[in-house]
Amino acid sequence: MSEMDRILRKKLFEHESAMPDDMWSRIESGLEEKKRDKGFAWLWLIGILFMATSVGVWFYANGLSEGDQEFLQDTEFALGKEAQEPVQKTQDKPQPYRTNEHQEINIQTPPPKPNSSKPVAKIDEVVILNSESLGEVKKSNIVETPAVQSSKKRVSQVSTKKDLAQTEIQKDLLMTSQIPRLSLTTIEQAAHVFPDPLKCTTFARKRTANIFGEVFYKPSYAHAILRTNSSEVGQDYLDQRKETEFSLYSWSAGVNLGWVSAYNIGLKAGLEYEVINERFVFEDPDAIRNQTVITIDTVFNSDGTFQTTSDTSVVQVSGTEVQRIHNYHKSFSIPIIMLYQMNFGDFAIEFSGGPVFNINYANRGKILDPTNQDRWFTKGASGSYDVFKDRLGISLSLSVSAMYSVNKHIQVFARPDFKYNPTSISRNSSPFTQRYLNSGIAIGMRYYLSGNPNF
Amino acid sequence: MPLNPIVLTEKEIIDGCKAGKPIAQKALFLKYGPIMLTVCRRYARHQMEAEDFVQDGFIRVFKNIDKFKGESALGTWISRVMINNALKHLAKSAFKKEAIGISEHYDKDIDPGTYAKLSADDILKLIDELPAGYKIVFNLYAIEGYSHREISEQLGIGESTSRSQLLKARRMLQEKFVELQKIAV
């Protein structure tokens, strides 16, 4: 270390600079901001929990049917290979299914093969009640054929406990294992005749995953949230800002490309252009305007000719000046949105949310500075009040869409949407923080490349 | 009766900050704020930027105070946080690309007593006038006591670059001292 370094270090190392009076309040407000950001993280957590719950409900719903299938397979294994053959009706003529609405459905079933050794269950009657809720199998009388009875015998033989109660349980198992097999087929066939009147959500796996493109237009209202991070700039300044700036109609439009999986969960990304419009109205009662006055005189000469003279002067006019400036904040962003669909026949509800990454930001307009002077803040203009950032960072979007399938490929939607800038759009060095909470209803159209599977 | 932040001991300050108590946070700020402003002034391009560094730096200190294990003095730890924070902000300015020729600078024989006569504020002003790259390397090496290896790791530059920047910074400072001497005479 040189002598120079040593001396400089000694002088500077513990040197204390005079701290600005408002520094602590700036730090305090910065700490509060961090806490608010933490609070906002809860919204994300709620969103993730919601998604996880939705996925859980889906798997639970599907898990039951898979469990049933496993149960059936286990029972069938116990019954032996023969029992896995479909149960056939023994009557020659197809028997009608009677409903409480006296509708009859003829189900063609193949006649039994003569001298077949396979187990056959004889169905006397299956009554399907088309109740107000879901259709259900009300009654099923199964007359066991000798082949089925022999299967039951084998069940008893493989069982380690041969007491009577165990045999009875196995009988019940046999009976219950037969009923769903009939019910699943008949309900599926009957569903085409008696569609679910409530159009309950399917929670069902789609037949295929699908890629889609969508366009939308969103009229919106952008609410500015102004705060100060400096005690030097007090509440008065914020009040002045609020009194001079008014929200106007804002809008955004965009395109997205997305993909919905067979499990109704998907992802989309695209490009969004947003314009936030505001009006700055400022009255300056002590304004002075320089007005140029040109005086033209015409002098007629004695010989009949005339001369024109002009005189230019500048007059200062004092009075109240009212400024009405159209302020705007324009941005291009890339939304990356997770989505989850619930389908109700032709209708669907879609929950979506995710980050929106700003890639370009431009603005124009006037605001008041802390000395209550009106200042242009237009980005890139010389001498402008440079208080806004070059990019807006990441916004967060949450929305719920109501969707209707017009045809196999096209779906139209209305989507209430909320967007929030967790970080201020103003620079750290500016005396205020400015965020936007943007709410609107997007209207748009979605096109499924290979057809909407739920249509 | 409300606690006076000035009377808190360093242990109380640290424990209080870890518990998120505002009184302890203010005490820490009152104790180390003025020194940290000097630290940040050495790196910032102007006074307002230095104040921003201090503001942001203390927020980071309070957020990460749990990571302070007492292995070094609290002041040293805070100044490290401040310097890292300042460097992070300055990373956007491409100080590595600055190309200021050294041919016009030359060694001067200056009496060490000359430096001793200067006030800390004068020295800060002279350091402020250095190009950003020189200033950062000079501060890290000469004032904070970082090695060239540490500087190269911190800034993502080569050790040789660090050495050459320091050399240029010293020469430029010497030149400025000479000019200041001339004015004073």
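For the range B:20-87 and the range A:290-326, what is the separation of their C-alpha centers, rounded to whole Å?
With the range B:20-87 and the range A:290-326 each reduced to a Cα centre, they are spaced 63 Å.
As an exercise, use a Förster radius of 22 Å and the Cβ-Cβ distance of A:ASP390 and A:ALA269 to find the FRET efficiency, rounded to the nearest 0.05.
0.45
Work out how much length A:GLU16 to A:VAL406 would gain on full extension: take 0.36 nm times their residue separation and subtract the Cα-Cα distance, in nm to one decimal.
133.2 nm
Output wanted: per-residue J couplings in Hz (rounded whole) for the range A:13-29, from phi through Karplus 6.51 cos²θ - 1.76 cosθ + 1.60, θ = phi - 60°, x for Gly and Pro.
Karplus values, whole Hz, x for Gly and Pro: 4, 10, 5, 10, 9, 5, 8, x, 4, 8, 4, 5, 5, 5, 5, 4, 5.
Modelling each spin label as a point 7 Å along the Cα-to-Cβ direction, I'd like the A:VAL293/A:ALA362 distance in nm, to one decimal.
4.3 nm
Please compute the length gained on full extension between B:ASP15 and B:ARG45, using 0.36 nm multiplied by the number of residues separating them and subtracting their Cα-Cα distance.
So the chain would gain 7.4 nm between B:ASP15 and B:ARG45.
First check a/c for the range A:267-314, with a ≥ b ≥ c the square roots of the eigenvalues of its C-alpha gyration tensor; if it is under 1.5, answer rounded, and if not, answer prolate when a/b is larger than b/c or oblate otherwise.
Here the range A:267-314 falls in the oblate category.
Once both labels are modelled 7 Å past Cα along the beta-carbon direction, what's the B:ASP128-A:GLN323 spacing in nm?
Calculated label separation equals 3.1 nm.
Starting from the amide H of A:ASN264, placed 1.01 Å from N in the peptide plane, find each other amide H under 5 Å away whose residue is 5 or more places distant or on another chain.
Hits under the 5 Å cutoff: A:LYS206.
Which FRET efficiency value, to the nearest 0.05, is calculated for B:GLU71 and A:ALA414 with the Förster distance at 60 angstrom and r the Cβ-Cβ distance?
Between B:GLU71 and A:ALA414 the formula returns 0.50.
Modelled label-to-label distance, A:LEU449 and A:GLN373, 7 Å Cα→beta-carbon offset: nm?
Going from the A:LEU449 label point to the A:GLN373 one covers 5.7 nm.
Report, to the nearest whole %, how much of the accessible area of the range B:5-90 belongs to carbon and sulfur atoms, 1.4 Å probe, protein only.
Its accessible area is 55 percent carbon and sulfur atoms.
Interface A/B, total buried accessible area with a 1.4 Å probe, nearest 100 Å²?
That pair of chains buries around 3200 Å² in total.
Ordered by residue, what ³J(HN,Hα) values in Hz, to whole numbers, does the range B:65-77 give under the Karplus form 6.51 cos²θ - 1.76 cosθ + 1.60, where θ = phi - 60° and Gly and Pro are x?
4, 4, 7, 7, 9, x, 6, 10, 5, 4, x, 5, 5
Keeping all protein chains in place and using 1.4 angstrom, which order do A:ARG435, A:ARG391, B:ARG41 fall into by accessible surface area, from largest down?
My answer, sorted largest first, is A:ARG391, B:ARG41, A:ARG435.
With a Förster radius of 45 Å, plug the Cβ-Cβ distance of B:LEU30 and A:TYR249 into 1/(1 + (r/R0)^6) and report the FRET value to the nearest 0.05.
0.35
For B:LEU118, what charge total do you get from the other residues with a beta carbon under 10 Å from its beta carbon, if Lys and Arg give +1 and Asp and Glu give -1?
+1
Among B:LYS31/B:LYS176; B:LYS117/B:LYS168; A:LYS379/B:LYS63, which pairs are too far apart, with a Cα-Cα distance over 28 Å?
Those over the limit are B:LYS31/B:LYS176; A:LYS379/B:LYS63.
The values are calculated or read from the model by the stated rules, or taken from the named source; none is laboratory data. This one's a predicted model, so the numbers in the text were calculated from it and none came from an experiment. Neighbour counts are summed over all protein chains in view; Cβ atoms, including those assigned to glycine, are modelled from backbone coordinates with ideal geometry. For accessibility, only protein heavy atoms count, side chains too; no ligands or nucleic acids. Shrake-Rupley method; radii C 1.70, N 1.55, O 1.52, S 1.80 Å.
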